[in-house]
Structure formats: C-alpha cells, structure tokens
Amino acid sequence: MSDTPDPVVERNPAEAVASFDRHTRRPLERVQHFLHRYPTMVPVIVLVLSVIAFGLIAPNFFSAFNLSLILQQVAVVGTLAAAQSLVVLTAGIDLSVGAVMVMVSVIMGKLSIDFGIPVPIAILIGLGVGAATGALNGALVTRLKLPPFITTLGTWNIFLALNYYLSNRETIRSQTLDAEAPLLKFFGERFSLGGAVLTYGVVLMVIVFAVLWYALYQTAWGRRVYAVGDDPESAALAGIQTNRVLMSVYVVAGVICGLAAWSSIGRVGSVSPTSFFEANLESITAVVIGGISLFGGRGSILGPLIGALIVGVFNSGLRLAGVDVLWQLFATGWLIIVAVAIDQWIRKISS
C-alpha cells in the first residue's frame, strides 16, 4: 500500500455550503398557498359573493324573513353534513347517513306512538340505534377492510329497507304527534331573534358544529382524526390506533344522524319514511362545497356549515329571481365541480 496521503481537493469557499436561490412567488401562487393554509376561506368568499350578488338581483333577499328561512331550510342537511364531514376527514365517505336519519326518525315515532314508550326514552333509543349503525359501518371498514364507499352503499340499502319495513310505508301525521308526542317536534318550534324567526333545529345545527370544532381542534382525538385521514400508515407508525379512531368517527357520525332525525321530524312536522330522500347527496354536496378534501386530512369542520348555507343561498336567490328549479340543480352541480377543481389545485402545494 502506498504511503502517499489522499489528495486534498481545494474547494471554493462559496461552494462549501449549498445555497438556494430565493424564489419570488407570483400572485397566483401566493393565493394558492394562502388557500392551502386556510381552506375555509374558499367557501367563505363564495358565500359572501353569493349573498351580495343575489341581494342585488333578487327582491327581498336581504329581508329578515328570507335570511332566517334559509337557515331553517338548511338546518337538517347542515346537521347531517356534520356527520358526513367526520367520515370524509378520514378519507372515507358515508352514503348511508340519510337512510340512517330517516330510519331513526321512524323508530322514534313508532316507539312513542305505537308502543307507548315515553318520548325521552324513545329519543334515547333512537340515538342508540344511530350509534349502532355507525358501529356497523365502522366494523365493516376496520375489521373486514372494506372500502367505505362500498360498505356504506350496502348499508344504505339495508337501512332503507328497514325503514320501509318498520314504517310499513305509513306516515305518522302531525296531528298525532301533537296529541301524543309533541316533544318529537321540538326542533321545529320557532322563536324570534331580532327581526328573524328561527327554529330550535337551527340552534341544534350550530351547537353540533361548535362541539365538533372543539373536539377536532382542542382535543387529542381531533388531532388523531386528521392524522388518520392524512396518512393512516404514518399515523399507525406514530402509535395511533387507527382502527379505534375510525370506529369512534363512525359511531359519533351515527349519533349525529340520530340528532338530525329528531330535527327532521320538527322540520317536516311528521314522521315520513320518504322524507329527505336525497339527504345523502345533499350532505356530500355541503361537505365538498365547504372545502373539506375528499382525500381526507384537510379542511375545517366549519366548512360544511358554510357549504350548506351556500346551497341554501343559491336556491333562495334563484327562486326569488324567478329561476326554474331545474336551473337551481344546474347551478348546484357546477358548484360541486368547481369546488373539487379548486381542492385539486390547492392540493398541488403538498404534492
């Protein structure tokens, strides 16, 4: 072996440390980064612009009656969207939420009217059934490793069939509820706030979102939900029990569906097995427009509340402007497409 030392390579001092050129962001890139950091700003901006636009073209849009009517109309779907949001945050989707809501409302009505069970107990049983349906969905997803879309598509049919079986396709009329179970219509009762007339169903919707906001942003459970939705493998490596988190999400979503069922009775004024037939799609619409990513792990729980309000504003504004219902659906469809396109564009930041 040679005793000659290794040659010494002289380096330019400027090359000793890697240097990076500063990249000046273009205005569009700044907007992209801002929206990535604050995803709720997209639906907020859309809501503000929609309110201004319809206030200019539709007569009486800014009346207290019309604005409060929008809140009343979105109360049930908004509450249901809160349940959907939890599942979507974990990169799943729940197609059964609407069927669960209607089935639970039928169970509450049947227990109270046909079986004479005290209404508070019937309501608690209904909420328990909602939790059980969530546990079934969660077990199929976590134990059998079935895709959430396929799982809830199957349970949607199951719960819908049970709804028709339990109700015998019969509606419990408003007069019957008033005489024997008025508590079931509690969330349909109105009260005045300034010049607006609201229902307790609107209050329930706001409370549900407020509680979920606290749980997702101020508790360890909420951080785990986001972690599982963002990257379940990394979450598992970090010591998070992903299956337990997913199970808890589906159970909580089921309980919220039960609350939405109670609220829906007050909104409709009766227990109907055919009410809110499109609630599944409407809840997904509110979530997507509200800025929660369908890929999971990103978005604010307040977004779906704003998304539900956007749909309500569009429907109300177009109706006051004399636009046919057909074009209301047309506008909602484009809202969904644009919302997903914006989400894809914002997600490029993290790719």
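The values are calculated or read from the model by the stated rules, or taken from the named source; none is laboratory data. Being a predicted model, the structure only gives us computed values, none of them experimental. No Cβ is skipped: glycine too gets one built from the backbone with ideal geometry, and neighbour counts run over all protein chains shown. Surface accessibility is based on the protein's heavy atoms, side chains included, excluding ligands, DNA and RNA. Shrake-Rupley method; radii C 1.70, N 1.55, O 1.52, S 1.80 Å.
Laid out as a table, the results:
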read-out: Condition check for Gln73: at pLDDT below 95 and part of a helix (DSSP H, G or I); value: yes
read-out: Neighbours by Cβ (under 6 Å, 6+ apart or cross-chain): first from the range 176-189, within 20 Å of Thr79 (Cβ to Cβ) and in contact (Cβ under 8 Å) with a residue 40 or more places away in the chain; second open to solvent by 70 Å² or more (accessible area, probe 1.4 Å) and not aromatic (Phe, Trp, Tyr); value: Gly188/Arg267
read-out: Extreme residue, surrounded by the most Cβ atoms within 10 Å (Cβ to Cβ), among residues of the range 183-232 that are outside any helix (DSSP H, G or I) and among the polar types (S, T, N, Q); value: Thr199
read-out: Condition check for Ile310: in contact with a helix residue (DSSP H, G or I) (Cβ under 6 Å, 6 or more places away or on another chain) and either part of a helix (DSSP H, G or I) or not polar (S, T, N, Q) (or both); value: yes
read-out: Pairs with Cβ under 7 Å, 6+ apart, first in the range 233-262 and touching a residue at least 24 places away in the same chain (Cβ under 8 Å), second of a type in the set (S, T, N, Q) and not in a helix (DSSP H, G or I); value: Leu246/Thr90; Val249/Thr90
read-out: Residue count for the range 149-186, restricted to those that are more than 24 Å from the chain's Cα centre (by Cα) and basic (Lys, Arg); value: 2
read-out: Unmet requirement for Phe295, which otherwise passes all of (1) closer than 28 Å to Val48 by Cα; (2) open to solvent by 20 Å² or more (accessible area, probe 1.4 Å); (3) part of a helix (DSSP H, G or I); value: (3)
